[in-house]
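The values are calculated or read from the model by the stated rules, or taken from the named source; none is laboratory data. All figures in this text were calculated on a predicted structure; none of them were measured in a lab. With ideal geometry, Cβ positions are generated from the backbone for all residues, glycine too; neighbour counts draw on all protein chains shown.
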Amino acid sequence: MKEKKEKKPQREQPPLPDKPYQCSFFLGVRKNRYCAFPTPFSTARFCRQHDPDALKVDQGKHKRVPCPLDPSHTVAERELKRHVRKCNAKKPDVTPPWFAEDINTEIPPEGIVQGPLNGLGRDGFAEFAQLIREAYASVFADKPIPLEQLSHPALESRLEELTDTKHAIQQSSLIGHLKRLDLLSDEKTFVEFGCGRGEYTRYVHKALMCERESSHSTVSEEREGPRFLLLDRAAQRLIFDRQIPLDAPDNHPKPNVTRLRCDIKDLRLQQATTTDTDTTQSPPSIVAISKHPCGAATDLSLRCLLDPSIAPNVHGIIFALCCHNVCSPDSYPLAYLPTPLTPSHFHYLSKVTSWAVSGVRENMSLDDGAEGHWTGLTLGERKELGWMAKRVMDEGRRRYVESRGEWEECRLVEYIGAGVTGESVALMNNSNNTNTNNTNNNNSLQDISILEGVILSLSTQHRDDPRCHDEPVSQIRTNHPIDRLSWCSKRGLRTCV
């Protein structure tokens, strides 16, 4: 008879907020905090959204009703007409020219097995795990993903100001790769997919200003500035769109910043990047950037960029990849999965990827967890298998991009150490139209400020031997490849993991 698993100890609910006008609605165990919205008056316990009496008839002028466009939120009845006109759930009155419903999706093939992962059973999962290992070895055994962590001087001052530099270091490395691929140019149109508040685009613009000053090129306010197209399906607050032009000094060209609120699955990029009806206007030179577009957003973006109507104008793509567990078969390029995996394995493959970024509880190590898990694998073995599944899915994306154009370079790169983020791999390429072999660019890596003075690189000759390391193994917490990589990247060391 199987022993019952012990329930995880629940965190204690924090005491009620003592700040005046703060809502006392507890948001749940996962967030473990109270709502931050203000109450309407000092003696009220809840904000308007969480007040249990807000929908009662006897509330008079304070009565709230569900929004007819999106019932997940409520609004004061007396303000309903005004709210409906500006609600974020309101559809546009006129269909924009770039909108084409589901244009970047396709009907997935039949035969994709659905269901919970543990439905495979221990033996069935062992066979599936072996397929993942074989697919990973067929691609990366002889040519592992290199670790190339770069930086750009445009973010040096920001790194000095911040105490938490996690996101700034990633942005700096991605912008460093933009320079390495000769994609930092005022003549380009930068399109950020899943832009959020637009912070990443803001620092790309600062890097462009830094490049003008370092090259001692003639700067003129009359000169046409770079174009930025920001894409996100959510309505963001505290956006940087207005700040980006203000960052440019008076003697620099002002950038053209446009934001579209759209779902990438419905986006025709050619129409979105065309500003005039003048047919003599030269097509834009597009550089697509994104920092962690979650799951299906990456695949929808790639389909959007590689559509025949716009693909010839795409000069470069740099996407930091993440959230493979929420990928969808109607957007992922299933035909390009490395063998022996097939499209029928996609559902289970995407579920396994979540193990790569699983946390470790304080009372556990990577060697624990085998007895209490249905797979019989330790936590370290599951993390390693999840990492392999992620890279196999990324390789399918790389092959898809490579098959849809003539690229000077199309590869997967670890742009940041795993000690900074578990989602450390980026897909990057640039077209043959971009000359990356000129004399000035041969020394581009020398011009980039390399983080901690070095480019962190993985040794290829001993990657399969976990014992090989430049430092004594006893100084490392664990022999697990991912944690060894994290340990080394923090210290600027070279590892063969």
Legend entry - Pick from segment 85-101, criterion of a type outside the set (Phe, Trp, Tyr), modelled with pLDDT of 90 or more and surrounded by 13 or more Cβ atoms within 10 Å (Cβ to Cβ), ranking: nearest to the chain's Cα centre (by Cα): ALA100
Legend entry - Cβ pairs under 6 Å, 6+ apart, first in segment 117-139 and more than 16 Å from ASP394 (Cβ to Cβ), second of a type in the set (Val, Ile, Thr) and surrounded by 14 or more Cβ atoms within 10 Å (Cβ to Cβ): PHE125/THR375
Inset, instruction - Given the conditions (1) more than 30 Å from LEU178 (Cβ to Cβ); (2) within 16 Å of the chain's Cα centre (by Cα), report the number of the one that HIS345 does not fulfil. - result: (2)
Inset, instruction - Would you point out the residue of segment 190-210, among those that are assigned to a loop (DSSP other than H, G, I, E, B) and surrounded by 21 or more Cβ atoms within 10 Å (Cβ to Cβ), that is farthest from the chain's Cα centre (by Cα)? - result: GLY198
Inset, instruction - Could you list all residues from segment 356-384 that are assigned to a helix (DSSP H, G or I) and over 20 Å from TYR332 (Cα atoms)? - result: VAL357, LEU379, GLY380, GLU381, ARG382, LYS383, GLU384
Legend entry - Selection from segment 363-406 of residues that are of a type in the set (Ser, Thr, Tyr) and not assigned by TED's automatic domain parsing to the domain that holds HIS315: SER365, THR375, THR378
Inset, instruction - Within segment 253-265, identify whether any single residue is assigned by TED's automatic domain parsing to the domain that holds ALA311 and without any contact (Cβ under 8 Å) to a residue 12 or more places away in the chain, and answer yes or no. - result: no
Inset, instruction - Check ASN363, ASN443, ASN429, ASN433 and return the single one that is over 25 Å from PRO108 (Cβ atoms), modelled with pLDDT under 90, of a type outside the set (Ser, Thr, Tyr) and touching a strand residue (DSSP E or B) at 6+ places or on another chain (Cβ under 8 Å). - result: ASN433
Inset, instruction - Would you check if there is a residue in segment 289-300 being of a type in the set (Lys, Arg) and within 14 Å of the chain's Cα centre (by Cα)? - result: yes
Inset, instruction - Keeping to segment 255-276, report how many residues are assigned to a helix (DSSP H, G or I), surrounded by 20 or more Cβ atoms within 10 Å (Cβ to Cβ) and touching a Pro at 6+ places or on another chain (Cβ under 9 Å). - result: 2
Inset, instruction - Go through (1) buried (at least 16 other Cβ atoms within 10 Å of the Cβ); (2) more than 23 Å from the chain's Cα centre (by Cα); (3) in a helix (DSSP H, G or I) and name the single condition ALA168 misses. - result: (2)
Inset, instruction - Name the single residue, out of those in segment 366-396 being of a type in the set (Gly, Ala, Ser) and surrounded by 15 or more Cβ atoms within 10 Å (Cβ to Cβ), that is modelled with the lowest pLDDT. - result: GLY369
Inset, instruction - Assess whether CYS323 counts as being modelled with pLDDT under 95, over 19 Å from HIS292 (Cβ atoms) and of a type outside the set (Phe, Trp, Tyr). - result: no
Inset, instruction - Please specify each residue of segment 332-380 satisfying the condition of being aliphatic (A, V, I, L, M) and under 30 Å from ARG303 (Cβ atoms). - result: LEU334, ALA335, LEU337, LEU341, LEU349, VAL352, ALA356, VAL357
Inset, instruction - For LEU184, state whether it is at pLDDT 95 or above and at negative phi. - result: no
Legend entry - Selection status of LEU451, under 13 Å from HIS177 (Cα atoms), modelled with pLDDT under 50 and surrounded by fewer than 18 Cβ atoms within 10 Å (Cβ to Cβ): no
Inset, instruction - Can you give me the number of residues within segment 67-113 that are hydrophobic (A, V, I, L, M, F, W, C) and part of a helix (DSSP H, G or I)? - result: 2
Inset, instruction - Go over the candidates SER354, SER344, SER331, SER301 one by one and state the one that is surrounded by fewer than 22 Cβ atoms within 10 Å (Cβ to Cβ), in contact (Cβ under 8 Å) with a residue 60 or more places away in the chain and not hydrophobic (A, V, I, L, M, F, W, C). - result: SER344
Inset, instruction - Check PHE41, PHE46, PHE125 and return the single one that is aromatic (Phe, Trp, Tyr), in a helix (DSSP H, G or I) and either within 35 Å of the chain's Cα centre (by Cα) or not assigned by TED's automatic domain parsing to the domain that holds ARG303 (or both). - result: PHE125
Legend entry - Which listed residue, of GLU160, GLU156, is in the same structural domain as SER301 (by TED's automatic domain parsing), in a helix (DSSP H, G or I), more than 30 Å from PRO340 (Cβ to Cβ) and without any contact (Cβ under 8 Å) to a residue 12 or more places away in the chain: GLU160
